[in-house]
Amino acid sequence: LFLGPQETYTTGIRNQINNLPGKLTWVALKPGSREYLAALFTANANFDAANIYVYVRRVGTPIANLTVELCSSSGGVPDAVLQTATITTTTIDDIDARFYKAAITAQALSSGTLYWVKVYSSGGTDQDHWKIGISTTAGASKESADGTTWSASGIDLYYRVTDAETTKYPLLFR
């Protein structure tokens with residue numbers, strides 16, 4: 001074990017929106033309880049979202065894939081799916097926890113507009129399911145058992161939405 005600093009992301013070099021941890025906790029996505037979890041955000045600039053990062057942990061061998069979606073907002077809940085990415089047991093082939101980058105087709109976001117990051121898995125058992133990184137402090141997240149009826153959540157989904165990665169060349173001088 002090596003103790004080190006927690007990774008942080010700065011602003012100004014690329015477009016991004018995030019809700020990242022202070023203290024990371026895990027929550028299972030399983031039928032009969034919390035199968036869907038979504039976090040609301042407001043785009044802070046006009047940009048093309050190309051990646052959605054979420055903390056993911058696999059428990060056993062989930063029978064269903066984990067889906068990550070970027071959705072529009074309507075009536076304070078997730079609405080139309082704008083982009084989607086799928087995480088499978090072959091994508092994450094061990095039970096390590098990861099800050100997973102789900103690449104999506106570039107999606108134009110408009111400054112000041114509300115959007116949702118939604119994660120779900122349509123199947124799972126106590127032994128075989130997906131876990132998602134969250135904060136135990138309530139935020140702007142909602143949860144659902146069926147993907148249609150949403151309620152305020154007592155937890156908050158950790159995520160990061162970014163534009164496409166581009167190579168940056170630093171100019172060093174002395």
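The values are calculated or read from the model by the stated rules, or taken from the named source; none is laboratory data. Note that this is a predicted model, so its numbers are computed, not measured. So basically every Cβ, Gly included, is an ideal-geometry build from the backbone, and we count neighbours across all protein chains shown. Calculation scope for accessible area: heavy atoms of the full protein, side chains included, ligands and nucleic acids excluded. Shrake-Rupley method; radii C 1.70, N 1.55, O 1.52, S 1.80 Å.
Leaving ligands, DNA and RNA out of it, work out the accessible area of Thr136 with a 1.4 Å probe and give it in Å² to the nearest 10.
Surface accessible to solvent at Thr136 totals approximately 100 Å².
Which whole-number percent is the relative contact order of the stretch 62-151 (Cα, under 8 Å, 6+ apart)?
Taking the mean separation of contacting Cα pairs over the length of the stretch 62-151, I get 36 percent.
Check each of the chymotrypsin sites (Phe, Trp or Tyr not before Pro) in the stretch 103-174 and keep only those in coil by DSSP with at most 11 other C-beta atoms within 10 angstrom; list them in order.
Filter output for the stretch 103-174: Phe173.
Taking amide H positions as placed 1.01 Å from N in the peptide plane, with prolines and chain starts having none, which residues 5 or more places from Ala164, or on another chain, fall under 5 Å of its amide H?
Ala50
For the stretch 50-95, report the accessible area per residue in Å² (1.4 Å probe, heavy atoms, rounded to an integer).
Result: 41 Å² per residue.
Let me check against my output: what whole-number percent is the relative contact order of the chain, with C-alpha pairs under 8 Å and at least 6 apart?
Normalised by residue count, the contact order of the chain is 37 percent.
Where a ≥ b ≥ c are the square roots of the eigenvalues of the C-alpha gyration tensor, would you call the stretch 1-113 rounded, which needs a/c under 1.5, or, failing that, prolate if a/b is larger than b/c, or oblate?
Judged from the Cα gyration tensor, the stretch 1-113 comes out oblate (a/c at least 1.5, b/c at or above a/b).
If you average the alpha carbon positions of the stretch 60-102 and of the stretch 20-50, how far apart do those two centres end up, in angstrom?
10
Would you list which lysines come within 25 Å of Lys142, measuring only between C-alpha atoms, while excluding same-chain residues fewer than 8 positions from it?
Result set, ordered by chain and number: Lys23, Lys30, Lys101, Lys118, Lys131.
What are the ³J(HN,Hα) couplings of the stretch 135-143, residue after residue, when phi is run through the Karplus curve with 6.51, -1.76, 1.60 and θ = phi - 60°? Round to Hz, x for glycine and proline.
For the stretch 135-143, the Karplus-derived couplings read 9, 7, 9, 4, x, 9, 8, 10, 10 Hz, x marking Gly and Pro.
If you keep only loop residues by DSSP, which trypsin sites (Lys or Arg not before Pro) in the stretch 107-167 have at most 14 other Cβ atoms within 10 Å of their Cβ?
Here no loop site has a sparse enough neighbourhood.
As a test of reading the structure, rank Asp94, Asp126, Asp79 by solvent-accessible area (1.4 Å probe, protein chains only), most first.
Asp126, Asp79, Asp94
Taking the Cβ-Cβ separation of Ser33 and Ser72 as r and a Förster radius of 25 Å, what is the calculated FRET efficiency to the nearest 0.05?
Efficiency, from the Cβ-Cβ distance: 0.45.
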